[in-house]
Structures are given as C-alpha cells and as structure tokens.
Amino acid sequence: MGTENRIAPRESSHAIGFRSVTPEQLERTLTVEGTIPSWLTGTYVVNGPAKFETRERSLSHWFDGFGMLHRFRFDGDRVHYRRRFVESGAYTHARDTETLGYREFATDPSESCFDRAVSLLAPPSVTDNANGPLARYGDRYVVTSESPGAIEFDPETLSTVGQITFEDDLVGQVSCAHPQYDPIADETITFLTRIARQSSYTVVRIADGKREPIASIAVDRPCYMHSFALTPTYVVLVEFPYAMNPFTFRLSDRPFIEQFDWRPERGTRLLVFDRSSGRLLAKPRMDAFFALHHVNAFERPGELLLDLLTYPTPKIVEAFSLDSIRNDRMSIPSGRLRRVRLTIDDWLVSSRTLVASPLEWPQIVGHRRTHPYQFVYGVGKSDPSSFYDRLLKLETTGRTTCWHEPATYPGEPTVVPAPTPASEDDGVVLSLVLDGTDERSFVLVLDGETFTELARVPLDHPIPYPRHGQYYSTDEC
Ligand SMILES: [Fe+2]
C-alpha cells in the first residue's frame, strides 16, 4: 500500500497515560479539594511503566515500560508528592546508554540478524524492570514483576535500595508478579517457574530474610500465571493453558510473552497444595480460560473457593501492546468475576460467574484477604471498545456501584480501612485518575461505603497510567 493512502492513527484521550516522562525527581506540595478523613495520614504509592522508548527504539508493550514510583503523603489539607524511577539494571542501562540491554516482557533487544547470532552465544539478561505490584518481605518494601529479583525501595524518598537476593539454590527464570504477604503468619508466599529440560513450579515461603521451598511440581510445558490463590491452609496455582516450549526458550528470537501459545485443548489445571506440608493434594482440570488477577480465596466447611477475573482467551495481553492501547487498534477484553469451587473431600471442581459487570485491577480490603468477603473494587469500561473509564464497587451478591466522570481513566483502586472499621467497607478507596481533557492526573478519595467522592488532589501534569498501588499507614513507614 502506498503511504498516500495511510491515515495517521487518531490518538485517544487516554493515550496521554502511555507517554514517557522525564527522569527528574519532582517534589510538589498539592492542595486537597474537598475533605479527607482526619485518620488518613499515611502514604499512597503507585507504580507503573513511565518510560516507553530509548533513543534507539520504542518498546512494544505496556508491561515493557520502565517502572516509576509515585508517592502521595497525606498531611491534612495538603499532600506531598514525589516521583522517581525504579533504578533496576534494565532501567539504568536504558537511561545511561539509550539502548535496550535486557529482554523485556514483549520486546527483545536482539532485533537484527547479527544481534540474534550474538545472542545465541550470550543471550541478553532477562529484565529486572520492576513496574508492577508493591509488596512486603517482612519489613522491606519491594516492587516486583515477573522477574525473580524484587527491588527494595524506600517508601519515603522512593530511592532504590537494591535488588533483593537470597542465599539459596532455588532456580526460576520467572517469578509470580503478585507475591502475597500474610500478616498473621508474617510471611510472604510466592512461586517460581523454572524453564529448563525439566521445568517446574516451586511454591516459596519468604520469612525472616530467608526463602524456602514449600512445594514443587515438574511440568512439561510451563504456563503463564500472573498471580495465584492463597488461603490459611492451601496454595492453589491455577494453570491456564497459555503454555511455552521450554526447549526453545533460550534460543528463540521471540520475546518472552510471545513464546506462550494458547492451547485450550489442555484445559485449565488447578494445582492444590497443602500450605504447611507442601503436599500436592489434587490437580483437577476444568474448561480453558485465562486470568491475570486473582481476587481472593477462602475456605468454608468442606469447600475451597477461588475468585478470579477470567477471560475466554489471553487476548488481553495482546490488547496491552502500546500501539493497540494508544490507538484503539483492538478492544480490551472484559474480565468477569468467576468463583471456582472445590470440594475438599473429593476435589470436585465447579464454577460460576459471580458478577456480570466487567472488571479489572481488583482489590479488596486487606483484612478480608484469605477470608470470606463481600466487596470487590476495580475499574470497568462504559462499553466494550472504551478504555477503563470508571471505578466499580461490586458485591459478591451481584450489586454494582459506580464512580464515573467523562474522559477520565481511573487506575487500580487501593482500599484503606478506617482505623477501627465498623463494617467491611468502612474506609476510603484511593485511585490515581488520568484526566484526558485537562491532560493531568488527580488522586481521587472515595467513601468506601457510599462510593461517592470525598476529595480529590489534582496535579498539574499527567502521570502515566499505573499498574498497581499500595497504602502504608503512618506506623508502617
Ligand atoms: Fe498485576
């Protein structure tokens, strides 16, 4: 086709959330519009991709972008804002050389034939770019990603402390992006995926600065799993049939995520482990589906329940390519809250859609995790072709409440309970919202119960659309 026939893509208003920002370490004091509860005196931190190219080339996918932390410290009618890039090896290489030095999620530095030939001898390192969830390893604050090494940061200054390393012989090229911290046991549970001649998943406990395996299982085709289910008694890996061939992993010239193929004929396998002994209790199969995020899991007498946001296929991964997301090339698929039920005596599995409203970036209040719960918060879409343009509060009974303002795009909600909550939804919900009209962002503070606006804290510039956030109360940091 001749170039004269090409029409320049029209950038959507949410596309400002996918532009790079400069590495300057901004400090701002912001003014609260409205009234926030007097007990909200902690720190809200969000993390997300904020640099999408080097001088040499553009990154392909939203998840490739280099992570930047944004800190909002509540101080009465003011909020102290700061931002800083996570200084991973991948980011500092890109910053200092303006080239890509690591294999990112969907972008590989070995693009030319020469580079590919060289990389067969010495493959580029898998990225340590931490642009995802914020987690706790004991008293250490870390940002994680699919890479095995989490990066510790200071929640006040946002400076990078360094990569967390463990003196053990556990091996895994891929880590779960969402480790789960259990405050009662004071331990973090996660898992590693080893991609090798003999591939495996290893469930890991992190406590007292040490990492130890709980359970391990050999697999023929490792699958892509972004999160997992945890209860007081069980760890469940929901193995979607989005599988890779381990024999071609090292030598393939395809980026990491493109090495996974959708194999619906395999079905979805549930790997149920006893959390204490590590024993594999069951591995029932069910229909093929995909999910990025588990919502919660809990036990009731005789049954184990897993709630997660499911899709018929993993097309959402493709929909988050930067070209698609900036120019609306394809609709972002809508996830549905699905409840998977396992009977504990014979491990029979069944499932049903719990709430029909489309949802992503789910969060529940921290004290209900691994226990029965009523409310899920997340972001939704006004129609299938739109970007995430509303915040939702879903009851597991099906009732849905919404916050929406035209041409605004809320990021993942963070649920902050009141100091002595009278109910599960007693507290506030925070979200970093992108205003596509005024081209700036604001922190939104909603009443957790009524889901109405209490306050907003505007910035004078847009912040790239975040992936995940966390609130730290004053006594935590
Ligand atoms: Fe995630």
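The values are calculated or read from the model by the stated rules, or taken from the named source; none is laboratory data. Source: prediction; values computed, not measured. With ideal geometry, Cβ positions are generated from the backbone for all residues, glycine too; neighbour counts draw on all protein chains shown. These area figures cover heavy atoms from the full protein model, side chains too; ligands, DNA and RNA do not enter into them. Shrake-Rupley method; radii C 1.70, N 1.55, O 1.52, S 1.80 Å.
Listing for the model above:
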item	result
Segment 7-99 - percent relative contact order, Cα under 8 Å, separation 6 or more	31
Relative contact order of segment 150-219, pairs being alpha-carbon contacts under 8 Å that are 6 or more residues apart, as %	21
Shape of segment 191-241, Cα gyration tensor, a/c cut at 1.5	oblate
Length added when fully stretched, F247-A207, from 0.36 nm per residue minus Cα-Cα	11.1 nm
Stretchable slack from R55 to D438, in nm (0.36 nm times residue separation minus alpha-carbon distance)	135.1 nm
Residues whose placed amide H lies under 5 Å from that of F191, excluding near-sequence neighbours	C176, V204
Accessible area in square angstrom per residue, segment 210-311, 1.4 angstrom probe	37
Förster radius 30 Å - calculated FRET efficiency between Q374 and S38, Cβ distance, rounded to 0.05	0.70
Solvent-accessible ranking of S147, S60, largest area first, probe 1.4 Å	S60, S147
Mean Cα-pair separation over length for the chain, i.e. relative contact order, pairs under 8 Å, 6 or more apart, %	14
Neighbour cut-off at most 14 other Cβ (10 Å), DSSP loop, GluC sites (Glu not before Pro), segment 36-102	E56, E98
Area accessible to solvent at K210, 1.4 Å probe radius, in Å²	140
Gap separating the Cα centres of segment 386-412 and segment 122-197, nearest whole Å	30
Placed amide H near H468: partners under 5 Å, 5+ positions off or other chain	N47
Cα-Cα separations in segment 13-472 greater than 45 Å, expressed as whole percent	6
Sequence-distant aspartates and glutamates (8 or more away, or on other chains) whose Cα lies within less than 17 Å of K381	D328, E360, D389, E405, E412, D435
Under 29 Å from K283, Cα to Cα: lysines that are on another chain or at least 8 residues apart	K210, K315
GluC sites (Glu not before Pro) within segment 164-253, DSSP loop, no more than 15 other Cβ atoms inside 10 Å	E167
The chain - percent of accessible surface contributed by carbon and sulfur, probe 1.4 Å	48
